[in-house]
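These notes concern the structure reproduced below.
The values are calculated or read from the model by the stated rules, or taken from the named source; none is laboratory data. Nothing here was measured: the structure is a model prediction, and the numbers come from that model. Neighbour counts run over all protein chains shown; Cβ positions are idealised from the backbone, glycine included.
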Amino acid sequence: MNPFVVTGLLIALVAFATALGFVYRSGNGRIRGADGRTIIRASDIPGIQLLGARATLLQFSTEVCAPCKPTRTLLGAIADESVDVQHIDVDLTHLPSVASRFNILQTPTTFILDGEGVVRARIGGAPRRADVREALDRILTLEPA
Amino acid sequence: MSNTSHPQIDPRGPRFGAGITAVLLLVSIALSLSGLTTAGFIIFALVTLGFVWGTIAGIQRHPYGVIFKKFVRPRLAPPAEFEDAAPPTFAQGVGLFVTLIGVILFLAHVPLGLPIAAAAAFVAAFLNSVFGYCLGCQIYLLLVRARVLGRASTPAV
């Protein structure tokens, strides 16, 4: 193959990978509103006793997920800032049925639930503090302590 | 401070290694497409062997990790935090899977089999190195959902 063609192909490959990288970066950690119809109960997830009385930060992780640990730290800190807000971290490694049921495609995935267990928002990838705080405040102002 | 059940590593080490891998894969593709298929295969085979080592011995004992520790890390500030060795070790397994397919395609004389496998492995290594993309975060979960990995500990009744 002509060296110019080879070089052109390599440049195209790097450009393609770079474009994918920017797509990944822009979607990662973005908070999305939920349809408000999905309700999660503690009994839906093995090992969970109780959800938060006013809100729950429900995190799904696996052991081979590098951003999951910093996410756990962040969400735990945010939950501690308010009364009756729980952070729960679920290890999906042995729970494929849970992963399928809630259509979880990556870890970390975070669901923000209100006091009734309704999923109000989902975040795929490492969440941003400001996004979680804002979504949580919206839920908490409707459900005073 | 070491935690032997969950070894902790400098997160920049695997990304450095992924960068080296990405460059080697580009070289392999260039050689293969230029007609130097044996040379292209040798480089590709070396990359594959690296993945074998990383998958079995763990990312901490990977040769690139050793190079990083000895030559690159002393020039950098200490890392902001450490990460578990498990995610990058899993990524080595993914790389091994893709490059093994490339090796098999080459030995079976499938035309362009090696460059295509090398291109796929390059995209993964490049995304990991440059954008910090975590392969395990999606692929492992999809494998769990497909019941290939992490089978449920309680059998269905």
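Here are some residues: A:Gly8, A:Gly29. Which one is buried (at least 16 other Cβ atoms within 10 Å of the Cβ) and either part of a helix (DSSP H, G or I) or touching a residue at least 60 places away in the same chain (Cβ under 8 Å) (or both)?
It is A:Gly29.
Each row is one residue, and each column tells you yes or no for (1) in contact with a Gly (Cβ under 7 Å, 6 or more places away or on another chain); (2) assigned to a loop (DSSP other than H, G, I, E, B).
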position	(1), (2)
B:Gly13	yes, no
B:Ala22	no, no
B:Ser28	yes, no
B:Phe44	yes, no
B:Val52	no, no
B:Ala80	no, yes
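In the range A:41-53, how many residues are assigned to a loop (DSSP other than H, G, I, E, B) and surrounded by fewer than 20 Cβ atoms within 10 Å (Cβ to Cβ)?
Summing the residues that are assigned to a loop (DSSP other than H, G, I, E, B) and surrounded by fewer than 20 Cβ atoms within 10 Å (Cβ to Cβ) in the range A:41-53 gives 8.
Looking only at residues in the range B:1-49 that are within 17 Å of the chain's Cα centre (by Cα) and without any contact (Cβ under 8 Å) to a residue 40 or more places away in the chain, which one is farthest from the other protein chains (Cβ to nearest Cβ)?
B:Leu49
Specify which of the listed residues (B:Arg61, B:Arg73) is of a type in the set (Lys, Arg) and either crowded, with 16+ Cβ neighbours inside 10 Å or touching a Pro at 6+ places or on another chain (Cβ under 6 Å) (or both).
Residue meeting the stated conditions: B:Arg73.
Considering only residues of the range A:72-95 that are within 11 Å of chain B (Cβ to nearest Cβ) and farther than 23 Å from B:Gln92 by Cβ, which is modelled with the highest pLDDT?
A:Thr73
Have a look at A:Gly21, A:Gly29 and point out the one that is within 14 Å of chain B (Cβ to nearest Cβ) and over 18 Å from the mean Cα position of the chain (by Cα).
A:Gly21
Considering only residues that are among the small types (Gly, Ala, Ser), farther than 30 Å from A:Phe60 by Cβ and more than 7 Å from chain A (Cβ to nearest Cβ), which ones fall in the range B:102-143?
B:Gly102, B:Ala108, B:Gly113, B:Ala117, B:Ala118
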